Amino acid sequence: ERATLEDGWLLAVFSVPESERNKRHTLRTQLTRLGFGTTTPGVWIAPAHLRQATEDMLRRLELTGYADLFESRHVAFGDLTNKVREWWDLDQLERLYHDFVRIHGGKRPTSDRAAFADYVRLLTDWRRLPYLDPGLLPDARSTV
């Protein structure tokens, strides 16, 4: 699902004690997989439409005691387009998408075995992209 500018933002603010660093690692990993970017170490941001998925993840992993969620809008101080580029490495993400298409686009397998091998490589290369992508519409990335 792609976000719109009208959706606003979801902030995840969390603090996990050093004695429970494995939970901190789990929380950061899961937020990244949902498409969150980092504003500061304990404050992560995502398009607001990810609220339910984030709540579900926190409950499922029993991490609700470490995090608070806020829906928000950017109202002042700094160009939002530049801020989005600070929170997510969109240039790297774009390079990864282009590389994916360059590597996998237009391949014609010569056998069933080659088709299966190509499919596995394609799937492996694709799997990380949705986790890195905040789900912003392409025009929203430059006009946020």
Handout entry: Total residues in the range 89-125, condition assigned to a loop (DSSP other than H, G, I, E, B) and modelled with pLDDT under 90
Key = 7
Handout entry: Residues that are of a type in the set (A, V, I, L, M) and either exposed (fewer than 14 other Cβ atoms within 10 Å of the Cβ) or more than 15 Å from the chain's Cα centre (by Cα) (or both), drawn from the range 44-63
Key = 58, 61, 63
Handout entry: Number of positions in the range 1-11 that are part of a helix (DSSP H, G or I) and open to solvent by 100 Å² or more (accessible area, probe 1.4 Å)
Key = 1
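Select from the range 12-30 the residues that are touching a helix residue (DSSP H, G or I) at 6+ places or on another chain (Cβ under 9 Å) and within 18 Å of residue 50 (Cα to Cα) and list them in ascending order. Reasoning before the result, please.
At the first step, the residues of the range 12-30 found to be touching a helix residue (DSSP H, G or I) at 6+ places or on another chain (Cβ under 9 Å) are 12, 14-18, 20, 23-24, 27, 30.
Scanning the range 12-30 gives 12, 14, 27, 30.
Filter the range 12-42 down to the residues that are under 11 Å from residue 69 (Cα atoms) and open to solvent by less than 40 Å² (accessible area, probe 1.4 Å), then identify the one that is nearest to the chain's Cα centre (by Cα).
Per the criteria, the residue is 12.
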Exercise for the section: Take the range 64-88 and flag every residue that is in contact with a helix residue (DSSP H, G or I) (Cβ under 8 Å, 6 or more places away or on another chain), open to solvent by 40 Å² or more (accessible area, probe 1.4 Å), not in a strand (DSSP E or B) and not polar (S, T, N, Q). Expected result: 66, 74, 85
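Which is part of a strand (DSSP E or B), of a type outside the set (D, E, K, R) and touching a Leu at 6+ places or on another chain (Cβ under 8 Å), of 46, 53? Reasoning before the result, please.
Numbers: 53 fails: part of a strand (DSSP E or B).
When all the criteria are applied, what remains is 46.
The values are calculated or read from the model by the stated rules, or taken from the named source; none is laboratory data. Everything numeric here is computed off the predicted structure, so don't read it as measured data. Reconstructed Cβ throughout: ideal geometry from the backbone, glycine too, with neighbour counts over all protein chains shown. Surface accessibility is based on the protein's heavy atoms, side chains included, excluding ligands, DNA and RNA. Shrake-Rupley method; radii C 1.70, N 1.55, O 1.52, S 1.80 Å.
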